[in-house]
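**Student:** One structure, pasted below without further comment.
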Amino acid sequence: MTYDSLVNRGDYFSAHYLAEVFPKDLKSGLLTAWKEREEAARDTQVADPDALPVTPRVGLRELRRPYFRARAGFAEAAAEPDDVTTYGSPAWQERAAELNASVLRALGYDAKPRTVTVQRADHSYEVHVAHAEPGLIALDCGWAAEPDAALDADGSGRLLHPVPLEGSAELATGSKLASFLFACEDAPRYVLLLVGGVVVLADRAAWGEGRYLAASLDAALERNDGKAGGELDTLAGLFGADSLRTPEEGGESPLAGLVDKSTKHAVGVSSDLRDGLRLSVELIANEVLERVRAAGVRPDEVRELPELSKQLTRESLRYLYRILFLLYAEARPELGILPSDYPEYHQGYGLGRLGELVAERDLVGEKAREGFYLYESLDLLFRKVQEGYRSRRTHGGPASEAEPVSEDIGLRFEPLHSKLFEPASIELIGARSVVDPRVDEDETGEPAYLDTRLRNATLYRVLRLLMLTRGRKGERGGFISYAQLGINQLGAVYEGLMSYSGFVAGEELYEVAKGGDPKDGSWLVPASRADEYADSVFVCRKDEETGEEVRVRYRPGSFVYRLSGRDRQTSASYYTPESLTKVTVQLALQHRMDQDGTTTEARELLDWKICEPALGSGAFLNEAINQVAAEYLRRRQDELGVAIDTEKYAVELQKAKAYIALHNSYGVDLNSTAVELAEVSLWLNTMHPGMEAPWFGLHLRRGNSLIGGRREVYSAERLKKGGWLGATPERFPLTEAEAGLPDGAVHHFLLPAQCRCLKVH
């Protein structure tokens, strides 16, 4: 269950995890431990009145009365902020600090204000804190009742004790100081912003992405929901000392474990998403074929079936990549790709609106199923994203504030100009995509087109597959959190599809797999031979109308998108997990930098060339870009002796990543789908406000990196005598490729010519 007193900004936790899984984790963990401590405390004869509450939930329950005694004065002062004798006066600040201290003690922290010294870019700074312990710092801000007001830079979000910087500059707000502390040496994992009736939890791992938790104690204490697992227990479990404190024996805080579990839950959801993508490819491709046939045209009249199957596969995937890209961009408003800060966007354009529509309503009636509302909504969004609307950019250049194309007020889209969103990328899908082979020209002299728009019935299922997760073990399904699904999880989803291929069935087929589970590959068998197989090997799927488990069957002429039982092994399509890419790149960088007693300058890192010879969806390439960019910024700051403004660091990191990706990154893969996936992956990983769609066409290529660009061969004579071990292969120019190789000649890469120095003992 979720509460309006809790703000889960940017999906700090995935929404589904917080609503469905977290209450169970809280019950089996903290609630059990708290109950034992509270029962033990009741047996104690003497209680220390100055001691901290037995548990944070007891502390919050006991906070209600003193909080509302103090609240009246703060609300009255906030109503007249211009009265400097009250609002912001020393007496007011003292009372605000006392209220914040009472909140801290209620949550289980030993509130002892003091000054701590922090280091950043070889400078020391004195910071007044409300509380400090390993891994956590609490800061005193003003008073607010609503979470949105708690970060107001001109009001409640201001620090009671600003931090002086060089010259006359200072850090005056809690949000800026939190960002500053996270960029310091020995940075804390958490910063608590205490704003009277609101607590904001900033996590170093998520704050820069605009993701955090906040709680309105004002609203929760007024409702006073004290039942086990209720609202006060939930807030105590998220903000209390038992959750944020680092264990004495080392390791991470309990809350970090919950965040990790939420992320793993998202990874688990990614397997649902991969299955959803596979099914969606079939749905879209079959819809196009059905629309073509409904117009009285045979699919083989549009294209030869093998070529049509390949093109349907590519274009169905591209259509789905568009949706995934926009879902990811909507979940990351800080990237500035979509106008997510405008309510008009969410009300009239956003995918979230369509997600709520398909989640809450069924398609009732033929008109609803056969209509094109979902397609037209997506098509409008695609066009606005590609072409822009009321853009600030002029003449294809960057956004210009000096010469705005339109007024500053109102909704605007900055154009991406992306190959992915070009109409030509999906030539088979749309009202003017497939040329009618029966008609040379219509009345206007233009080619006649078939209408291959996707009907509501198809896109309804596709959007549900891409946006909703299936509930497990009695849990309700919920929306997939694309904020939690980072590049690595999306990469795993993408790469899981690389071994799939599509074709149009020539006869009726059934799908079979070991134990009836297709996760490790499946096979298709003709319906005429179905009696030869045991019932247990048939793959089954729940019928949406009847709810029965029925065999997966493909009728003649239907599009089939599947993974052969051996395709994965023969293609070596395995996704490399983040844990492996991270340590591999880290060790490679350590070996490459600071060699021979010399220090690698930051500028040198921008000249390095990075190549991933087995590209896949770019897992290693993205990780290398990330680490090189972070190292460049670190070294450049040290060289200049100037620290990047903490509010701008995330954007500057994205810009550095984009430069490295565009100028220094290369990749090769035999699979053409992999190259397209890698382009999307690099784009998502490096995009930032003001960035148009990058083009990686010259750097990411389909090819065989094992062969290389040379055509050099050993003659048959050399092979017979074993002379190839000490000989140089003969160059065979590319201009003579059509003539073929000399008889008996063997390519140089097939023989270990470079290994002749090795001895076998």
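**Student:** Which whole-Hz ³J(HN,Hα) couplings does segment 612-625 yield from phi under the Karplus relation 6.51 cos²θ - 1.76 cosθ + 1.60, θ = phi - 60°, glycine and proline marked x?
**Tutor:** Values per residue, Gly and Pro as x: 10, x, 10, 5, x, 8, x, 4, 5, 5, 4, 5, 5, 4 Hz.
**Student:** For R603, R464, R69, give me the order by solvent-accessible area with a 1.4 Å probe, most accessible first, ignoring ligands, DNA and RNA.
**Tutor:** Working: R603 120, R464 85, R69 165 Å².
Reading off the accessible areas and sorting them downward yields R69, R603, R464.
**Student:** Tell me, what is the 1.4 Å probe accessible area of T673, in Å² to the nearest 10?
**Tutor:** Ignoring ligands and nucleic acids, T673 comes out at about 30 Å².
**Student:** Please list, in chain and number order, the residues 5+ apart from T173 or on another chain whose amide H is under 5 Å from its amide H, with Hs placed from the backbone.
**Tutor:** When sequence neighbours closer than 5 places are left aside, the close amide H contacts are L159.
**Student:** What accessible surface, in Å², does a 1.4 Å probe find on K609, ignoring ligands, DNA and RNA and rounding to the nearest 10?
**Tutor:** Accessible surface of K609 is approximately 130 Å².
**Student:** When you count, for each residue, the other Cβ atoms within 10 Å and take the mean per peptide, how do 19-31, 362-374 rank with the highest first?
**Tutor:** Numbers: 19-31: 17.5, 362-374: 12.7.
Ranked from most to least packed, the peptides come out as 19-31, 362-374.
**Student:** Still on this structure, I have one more. Share of segment 235-317's accessible area from carbon and sulfur, percent, 1.4 Å? Don't skip to the end; give the middle numbers.
**Tutor:** Details: 1650 of 3330 Å².
Looking at segment 235-317 in its full context, I get 50 percent from C and S.
**Student:** On to the next question. Which pairs in the list K519/K542; K609/K657; K24/K261; K582/K657; K419/K609; K419/K648 are over 18 Å apart, alpha-carbon to alpha-carbon? Before the final figure, lay out each step's value.
**Tutor:** Numbers: K519/K542 16 Å; K609/K657 13 Å; K24/K261 13 Å; K582/K657 16 Å; K419/K609 25 Å; K419/K648 29 Å.
As for pairs spanning more than 18 Å Cα to Cα, those are K419/K609; K419/K648.
**Student:** For T546 and L606, FRET efficiency with R0 = 60 Å and r from the beta-carbon atoms, rounded to 0.05? Could the numbers behind the result be given before it?
**Tutor:** Values: r = 61 Å, r/R0 = 1.01.
Calculated transfer efficiency: 0.50.
**Student:** Going by amide H atoms built from the backbone, whose H comes under 5 Å of the H on L700, apart from near neighbours?
**Tutor:** G667
**Student:** Next question, about the same structure. Explain nothing, just compute: Karplus ³J(HN,Hα) = 6.51 cos²θ - 1.76 cosθ + 1.60, θ = phi - 60°, for every residue of segment 540-545 in order, whole Hz, x for Gly and Pro.
**Tutor:** 10, 9, 6, 6, 5, 8
**Student:** Computing the accessible area with a 1.4 Å probe over protein heavy atoms, can you report the carbon and sulfur percentage for segment 83-160?
**Tutor:** Working: 1730 of 3440 Å².
It is 50 percent, rounded to a whole number.
**Student:** When the gyration tensor of segment 177-272 is built from Cα positions, what are the square roots of 5 times its three eigenvalues, in whole Å, from largest to smallest? Provide the component values of the computation, followed by the final result.
**Tutor:** Values: eigenvalues 106, 78, 41 Å².
That gives 23, 20, 14 Å for the three semi-axes.
**Student:** To one decimal place, what Kirkwood hydrodynamic radius in Å is obtained for segment 103-145 from all pairs of distinct Cα atoms?
**Tutor:** Values: mean 1/r = 0.0852 Å⁻¹.
Roughly 11.7 Å, rounded to one decimal.
**Student:** FRET efficiency for R634 and S501, Cβ-Cβ distance as r, R0 = 41 Å, nearest 0.05?
**Tutor:** My answer for the efficiency is 0.40.
**Student:** Looking at segment 214-366, what % of the alpha carbon pairs are farther apart than 19 Å? Working shown, then result.
**Tutor:** On the way: 8691 of 11628 pairs.
That fraction is 75 percent.
**Student:** So if I take the centroid of the Cα atoms in segment 162-204 and the same for segment 608-631, what is the distance between those two points in Å?
**Tutor:** 32
**Student:** Compute the signed sum of charges (Lys and Arg +1, Asp and Glu -1) over the other residues within less than 11 Å, Cβ to Cβ, of V539.
**Tutor:** Details: positive: K514, K519, R541, R551, R553, R562; negative: E511, D517, E549.
That works out to +3.
**Student:** Grab the beta carbon distance between S168 and E387, set R0 = 51 Å, and tell me the FRET efficiency rounded to 0.05.
**Tutor:** Values: r = 46 Å, r/R0 = 0.90.
For S168 and E387, the calculated efficiency is 0.65.
**Student:** Would you pull out the residues with amide H under 5 Å of E414's amide H, same chain only if 5 or more places away, H placed 1.01 Å from N?
**Tutor:** Y389
**Student:** Then there's this: What order do Y3, Y345 take when sorted by accessible area (1.4 Å probe), most exposed first? Numbers along the way, then the final one.
**Tutor:** Details: Y3 35, Y345 0 Å².
Result of the area sort, largest leading: Y3, Y345.
**Student:** Can you order the peptides 679-688, 510-519 by their average number of other Cβ atoms within 10 Å per residue, highest first?
**Tutor:** Values: 679-688: 23.2, 510-519: 16.5.
Ranking, from highest mean packing down: 679-688, 510-519.
**Student:** Counting only protein heavy atoms, what percent of the accessible surface of segment 409-449 is carbon or sulfur at a 1.4 Å probe?
**Tutor:** About 51 percent, which is the carbon plus sulfur part of the accessible surface.
**Student:** Report the full-extension gain for the segment D362 to S28: residue separation times 0.36 nm, less the Cα-Cα distance, to one decimal in nm. Don't jump to the answer; show the numbers that get you there.
**Tutor:** Values: separation 334, 0.36 × 334 = 120.24 nm, distance 3.63 nm.
Taking 0.36 nm per residue and subtracting the Cα distance, the gain is 116.6 nm.
**Student:** Can you give me the solvent accessible area of D122 with a 1.4 Å probe, rounded to the nearest 10 Å²?
**Tutor:** Rounded to the nearest 10, the figure is 130 Å².
**Student:** May I ask for the net charge around A658, where only other residues with Cβ less than 11 Å from the Cβ of A658 are counted and Lys, Arg are +1 while Asp, Glu are -1?
**Tutor:** Working: positive: K655, K657; negative: E652, E692.
Summing Lys/Arg as +1 and Asp/Glu as -1 gives 0.
**Student:** Per 0.36 nm of contour for each residue apart, how much would the distance between K519 and A121 grow if the chain were fully extended, relative to their Cα-Cα spacing?
**Tutor:** Working: separation 398, 0.36 × 398 = 143.28 nm, distance 5.04 nm.
The K519-A121 span can extend by a further 138.2 nm.
**Student:** Spelling out what I want: for every residue of segment 202-214, take phi, set θ = phi - 60°, compute 6.51 cos²θ - 1.76 cosθ + 1.60 (Karplus), and round to whole Hz; glycine and proline get x.
**Tutor:** Couplings: 9, 10, 3, 6, 9, 4, x, 9, x, 10, 6, 10, 9 Hz.
**Student:** Return one whole number: the accessible area per residue of segment 276-340 in Å², for a 1.4 Å probe.
**Tutor:** Values: 2120 Å² over 65 residues.
That works out to 33 Å² for each residue.
**Student:** Can you give the log10 of the normalised intensity I(q)/I(0) at q = 0.15, 0.19, 0.20 Å⁻¹, computed with Debye over equal Cα scatterers of segment 282-338?
**Tutor:** -0.55, -0.70, -0.73
The values are calculated or read from the model by the stated rules, or taken from the named source; none is laboratory data. Small disclaimer: the values here were computed from a predicted structure and weren't measured. A quick note on method: Cβ atoms are made from the backbone with ideal geometry, for glycine too, and the neighbour counts reach across all protein chains shown. Heavy atoms of the whole protein, side chains included, go into the accessibility calculation; ligands, DNA and RNA do not. Shrake-Rupley method; radii C 1.70, N 1.55, O 1.52, S 1.80 Å.
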